[in-house]
Amino acid sequence: MIKMFRYLKKSAGYIVIIIALLFIQAYCDLALPSYTSKIVDTGIQQKGVEDAVPDQIRKDSMDALLLLMPQKEQTAVTDAYTLKTDMYQRNTLTKKEREKINQSMAKAMLMVTGMKEQGVDISTIPPEQIQQMLPQMEDKIDALSDSIVTQAAVAYVQAEYEAQGLNIDTIQTNYVLHSGLSMLGVAALAMLAAVLVTFLASRVAASLGRSLRNHVFEQVLSFSSHEMNQYSTASLITRSTNDIQQVQMFMTMLFRIVLYAPILGIGGIIRVLQTESSMTWILAIGVALILLVILVLMTVAMPKFKKLQSLIDRLNLVMREILTGLPVIRAFSTEKHEEERFEKANQDLTKTNLFVNRCMTFMMPIMMLIMNGLTVLIVFSGAHSIDAGSLQVGDMMAFIQYAMQIIMSFLMISMVSVMMPRASVSAKRINEVLDTKPQIHSPKQAKIPEKAKSGEITFEHVSFSYPGAEEEVLTDISFTARKGETVAFIGSTGSGKSTLINLIPRFYDVTAGRILIDGVDIRDMDLKDLRSRLGYVPQKGVLFSGDISSNLRFGKEDASQAELEKAAEVAQSLDFIEEKEEKFDSPIAQGGTNVSGGQKQRLSIARAIVKNPEIYIFDDSFSALDYKTDAALRKALKQYTRDATSLIVAQRISTILQADQILVLNDGVVAGSGTHKELMKTCEVYQQIAKSQLSEEELNV
């Protein structure tokens, strides 16, 4: 999975923005519980009075409070206020400065309130006596909980505001409205950040998916037949679609959740420690339970995730085989058997999917049970603290919210951890394709053949065996095909004819000897340069979806209409093209299923002719043609390709009677070479083939 990150270099800027937005979102989400706490504790319980530092206080009240403070604290308090006539106005203070004088003023307010309740007038007590009483009173106040001191100070400030003629209800309403609007603003900012993160994460993941598909496709295009044999077509399709989709989905979750969860979790823990650390043991229990659940689920589900992708491969393989072989299936009336085969592959995949999904469905209820249980524990423990005066209701509510955020962060990670095994398997399968090094590739320093020779092919003691095979398919093949010559290959099925000509475009590389084009070893040539010199017509005609014109221009995009018509005429396909309503613009279905086998072969030959290469390779490309069309095509082709080298693999001797040189292959070795007349005299294998195909009159020609 880590290797996938190398394809994210182009999206580095977006990733930085995503991380910044995640921090903003986490900050906003973590700020919301504190607003809830303020609204409940300050806005509702304390009627908008935040602490023991009033916005304004009467001179008489301030003087009384100052009498109950040490000299140092008196200086700090008087510096925080400005006297205007008979009213002290609070200056602008930092949070730290306000907290410092808050403690001093709260204690003094509690002392004044206590003396008033006892009927003592502080103004009548000498200052010296007050200073003597201060240590004893401070010891008593220090023994009280912070909430009791805060409540007494808030009550004093409320009474002070009322004495000034201020409306407490208005103060409370304004505070709640201000805090509520601030809370809404923070929530809106968090929502905006979340939307942007989702948008950018989707964009980055989609870009990764596109990049992976491009790389996989380019890699598969570079594969030789050896690499293609390592992977089934169905598997390559699954890796290019389903596997990449799994990685793309995981990357979306990674940027949206995996990066966000630790930021939120760590931030929540810090806030919890600042709020009420005496209940953190509850969080430890919750986290331990969640980790246990994740461990159990991973242990149970991991093997199934690894199996899932191979089952998808199997389903695609069966479906592709059935759809490709429908005519044969119908001809042999084996529909029932194929239905059962597909049903088995489908059922295996369904069972595995159900098992995995059931694991997922168990996770959410268990997680919700843990979260609700933690809420009950927090309320139970917090109620005792509230009753003891060491905790306020708003702080307990904030603690619950922080706890839920911490648990949610672990829950998000657990959800992703369940997805990760499948994505990891998919990433491994994608990397297998991307890390496969093609055995056939262009050399670093490519050689270019001399143009003077233009199309001469030489086989020098060429031998070949397929990878992993013990026996050679071709052994010690040597011949030369010169410019303008037609060299044909004939032999029984499995004699190595198609294998021999497939070595020229380097679909495989020889295992011994060498193949030269114009005196240069084809292994020393650039692959694109080599194949640009060839006009290849495969044994099975392959057409692509589009129209006739696009298929003929496949090897030469800028071919003119006149070139297309000439090629079609030579390939004996102009007649049936002209009969179509749209002529060269007539549509071709995928695989050429809307044209006959003979028409498909002739269009494949015309496509090679349009390219006008130096070397033509016909791999049994006339097998679907009738004798009349075959003869007409060969006659026109011989005239048209007189300046090029032609290599023809054939099953019918009539196709190659006029060849300049015929190589007879038998079990991978050359059993004879020469013209038709020469072989009829010297090669027994050729004589047997000829007698099985030609009449006495044709044999004597």
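Here's the yes/no breakdown for (1) in contact (Cβ under 8 Å) with a residue 40 or more places away in the chain; (2) under 27 Å from Val649 (Cα atoms):
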| site | (1), (2) |
| --- | --- |
| Lys528 | yes, yes |
| Phe544 | yes, yes |
| Asp547 | yes, no |
| Ser550 | no, yes |
| Ala559 | yes, no |
| Ala571 | yes, yes |
| Leu574 | no, yes |
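One residue is enough: does the range 377-386 have a residue meeting the conditions surrounded by fewer than 19 Cβ atoms within 10 Å (Cβ to Cβ) and within 16 Å of Ala288 (Cβ to Cβ)?
yes
Going by the structure shown, is Val157 closer than 19 Å to Asp55 by Cα and either touching a residue at least 60 places away in the same chain (Cβ under 8 Å) or surrounded by fewer than 11 Cβ atoms within 10 Å (Cβ to Cβ) (or both)?
yes
Against the condition out of contact with any helix residue (DSSP H, G or I) (no Cβ under 7 Å at 6 or more places or on another chain) and either more than 30 Å from Pro262 (Cβ to Cβ) or among the polar types (S, T, N, Q) (or both), how does Thr324 come out, does it pass?
Yes, satisfied.
Cβ-Cβ distance below 9 Å, separation of 6 or more or different chains: which pairs start in the range 316-327 with a residue that is in the same structural domain as Ala234 (by TED's automatic domain parsing) and acidic (Asp, Glu) and end on one that is at pLDDT below 80 and part of a helix (DSSP H, G or I)?
From residues that are in the same structural domain as Ala234 (by TED's automatic domain parsing) and acidic (Asp, Glu), the pairs are Glu321/Ala234.
For the range 468-487, name all the residues that are under 50 Å from the mean Cα position of the chain (by Cα) and either surrounded by 14 or more Cβ atoms within 10 Å (Cβ to Cβ) or in a strand (DSSP E or B) (or both).
Scanning the range 468-487 gives Glu472, Val473, Leu474, Thr475, Asp476, Ile477.
Ile648 - would you say it is surrounded by 16 or more Cβ atoms within 10 Å (Cβ to Cβ), out of contact with any Gly (no Cβ under 7 Å at 6 or more places or on another chain), in a helix (DSSP H, G or I) and β-branched (Val, Ile, Thr)?
Against the criterion (surrounded by 16 or more Cβ atoms within 10 Å (Cβ to Cβ), out of contact with any Gly (no Cβ under 7 Å at 6 or more places or on another chain), in a helix (DSSP H, G or I) and β-branched (Val, Ile, Thr)), Ile648 does not qualify.
Within the range 680-689, is there a residue that is touching a residue at least 40 places away in the same chain (Cβ under 8 Å) and of a type in the set (S, T, N, Q)?
no
Check whether at least one residue in the range 285-306 is surrounded by fewer than 17 Cβ atoms within 10 Å (Cβ to Cβ), in the same structural domain as Met371 (by TED's automatic domain parsing) and among the charged types (D, E, K, R), and report yes or no.
yes
Can you tell which of Glu50, Glu73 is under 24 Å from Ile130 (Cα atoms), charged (D, E, K, R) and surrounded by 15 or more Cβ atoms within 10 Å (Cβ to Cβ)?
The conditions single out Glu73.
Given the criterion of a type in the set (S, T, N, Q), touching a Phe, Trp or Tyr at 6+ places or on another chain (Cβ under 7 Å) and at pLDDT below 90, identify the matching residue among Thr511, Thr493.
Result of the check over Thr511, Thr493: Thr511.
Within the range 613-639, can you find the residues that are at pLDDT 85 or above and in a loop (DSSP other than H, G, I, E, B)?
Scanning the range 613-639 gives Pro613, Glu614.
Looking at Asp395, Asp348, which is the one that is of a type outside the set (S, T, N, Q), at pLDDT 85 or above and in a helix (DSSP H, G or I)?
After ruling out the rest, the residue left standing is Asp348.
Just to verify a result, which residue in the range 640-652, among those that are under 21 Å from Glu456 (Cβ atoms) and polar (S, T, N, Q), is modelled with the lowest pLDDT?
Looking at the filtered set, the residue picked out is Thr641.
Among the candidates Ala159, Ala190, Ala155, single out the residue that is modelled with pLDDT of 90 or more and among the small types (Gly, Ala, Ser).
Ala190
When you look at Val216, is it β-branched (Val, Ile, Thr), touching a residue at least 40 places away in the same chain (Cβ under 8 Å) and part of a helix (DSSP H, G or I), yes or no?
Yes.
Out of all the residues in the range 417-430, is one or more more than 17 Å from the chain's Cα centre (by Cα) and either surrounded by fewer than 17 Cβ atoms within 10 Å (Cβ to Cβ) or more than 30 Å from Arg523 (Cβ to Cβ) (or both)?
no
Give me the residue from the range 1-19 that is over 18 Å from Val416 (Cα atoms) and of a type in the set (Phe, Trp, Tyr) and, out of that set, surrounded by the fewest Cβ atoms within 10 Å (Cβ to Cβ).
Tyr14
Report whether or not Met109 is in contact with a Pro (Cβ under 9 Å, 6 or more places away or on another chain) and closer than 24 Å to Gly43 by Cα.
Judged against the criteria, Met109 is not a match.
Is it fair to say Asn372 is assigned to a helix (DSSP H, G or I), among the polar types (S, T, N, Q) and within 26 Å of Met408 (Cβ to Cβ)?
Taking the combined requirement at face value, the residue satisfies it.
Just one of (1) out of contact with any Asp or Glu (no Cβ under 7 Å at 6 or more places or on another chain); (2) crowded, with 20+ Cβ neighbours inside 10 Å trips up Asp79, so point out which.
Exception for Asp79: condition (2).
The values are calculated or read from the model by the stated rules, or taken from the named source; none is laboratory data. Owing to the predicted nature of the structure, the values given are computational and were not obtained by experimental measurement. FYI the Cβ positions are ideal-geometry reconstructions off the backbone, even for glycines, and counts take in every protein chain you see.
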